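Shown next, in structure tokens, is the structure this report addresses.
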Amino acid sequence: PEVLARGYKSRFSEAPEPAWRLGASEGAGGMYASLTDMAKWVAFQLDAWPPRDGGSEGPLARASRREAHTPRFFTGLTADTKGSPKGTLDAQATGVGLAWHTRTTCAYERLVEHGGAIDGFNAQVVFAPDRGFGLVVLTNALDGGAASIGDEVLDLLASEPALAPRQPAEGAELAALVGKFASKMGSLDEPGHTSLFTDAFRSAVPLAKMQEVGAAMAKVHGACTLGPATEVRGSASATFRLV
């Protein structure tokens, strides 16, 4: 008790706010934590990103944490020019995951956050999974404006090159499949058609059509080999240049 901060009804009041008795809802606001505790909690959430193999031991698997951070449904879209540089638009889309709120803005690919006010305290947690950093804002007034403070810090960090988003890399399996396609483009056979494309694709584009297109490409361009990935959207999605 001697190290517990005192919460207030307002930033402009000296009247302390009594602790609330939540009963069965204590899990929604009955936990006391230090800034160090909260930093560890955010680091635990961020450790779930990016998706990767191995090392997923712990009280909650990385995949389960990512699932919680993923929107289950869409809640809104806003767009405004107020406070933005001249000629630019500030837009954001919001959603709700599992106990987390999600947000996509013009500056951030993905933000995961949650905040609240209780017992004379106002707090906000927000982290950027694609950039590997998070913020914890703790205030000791119900109207402490923790979310607004967090957004101001996010605005300051948005232009920092040291906190730029991770650059995805194409998966080896994807590159191998595209390379196989390039090598067979002019001589695609039934086994190649089956191993390279999904049932839905083969139904829409039969082997005969692929052979027709491949023969025409080979006639104009000759044999093709796999070149570099020019745009990578993820381990299973990329654009390649064929040489």
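The values are calculated or read from the model by the stated rules, or taken from the named source; none is laboratory data. Note that this is a predicted model, so its numbers are computed, not measured. Reconstructed Cβ throughout: ideal geometry from the backbone, glycine too, with neighbour counts over all protein chains shown. All accessible areas refer to the heavy atoms of the entire protein, side chains included, with ligands and DNA or RNA removed. Shrake-Rupley method; radii C 1.70, N 1.55, O 1.52, S 1.80 Å.
When you scan the stretch 226-242, do you find a residue that is of a type in the set (A, V, I, L, M, F, W, C), surrounded by 11 or more Cβ atoms within 10 Å (Cβ to Cβ), modelled with pLDDT of 90 or more and in a helix (DSSP H, G or I), even just one? No - not one qualifying residue is present in the stretch 226-242. Within the stretch 180-193, the set of residues being under 21 Å from F240 (Cα atoms) and open to solvent by 40 Å² or more (accessible area, probe 1.4 Å) comprises K180, F181, S183, K184, G186, S187. Given the condition assigned to a loop (DSSP other than H, G, I, E, B), over 15 Å from A128 (Cα atoms) and touching a residue at least 24 places away in the same chain (Cβ under 8 Å), answer yes or no: does some residue in the stretch 42-62 qualify? No, the stretch 42-62 contains no residue that is assigned to a loop (DSSP other than H, G, I, E, B), over 15 Å from A128 (Cα atoms) and touching a residue at least 24 places away in the same chain (Cβ under 8 Å). Among the residues of the stretch 194-209, those identified as part of a helix (DSSP H, G or I) and farther than 23 Å from P228 by Cα are T194, D199, A200, F201, R202, S203, A204, L207, A208, K209.
For the stretch 194-206, name all the residues that are of a type in the set (A, V, I, L, M) and surrounded by 16 or more Cβ atoms within 10 Å (Cβ to Cβ).
L196, the sole residue that qualifies.
Residues that are in a helix (DSSP H, G or I) and free of Cβ contacts under 8 Å to residues at least 60 places away in the same chain were ranked within the stretch 180-193; the one that is farthest from the chain's Cα centre (by Cα) is E190. Which one is farthest from A162 (Cα to Cα) among residues in the stretch 80-114 that are open to solvent by 20 Å² or more (accessible area, probe 1.4 Å) and among the small types (G, A, S)? This residue is A99. Note on the stretch 210-222: residues that are surrounded by 13 or more Cβ atoms within 10 Å (Cβ to Cβ) and outside any helix (DSSP H, G or I) amount to 0. Of all residues in the stretch 115-156, count the ones that are in a strand (DSSP E or B) and buried (at least 18 other Cβ atoms within 10 Å of the Cβ). Residues flagged as in a strand (DSSP E or B) and buried (at least 18 other Cβ atoms within 10 Å of the Cβ) within the stretch 115-156 amount to 15.
Considering A164, A117, A147, the condition of being farther than 30 Å from L207 by Cβ, without any contact (Cβ under 8 Å) to a residue 40 or more places away in the chain, among the aliphatic types (A, V, I, L, M) and touching a helix residue (DSSP H, G or I) at 6+ places or on another chain (Cβ under 9 Å) is satisfied by A117 alone.
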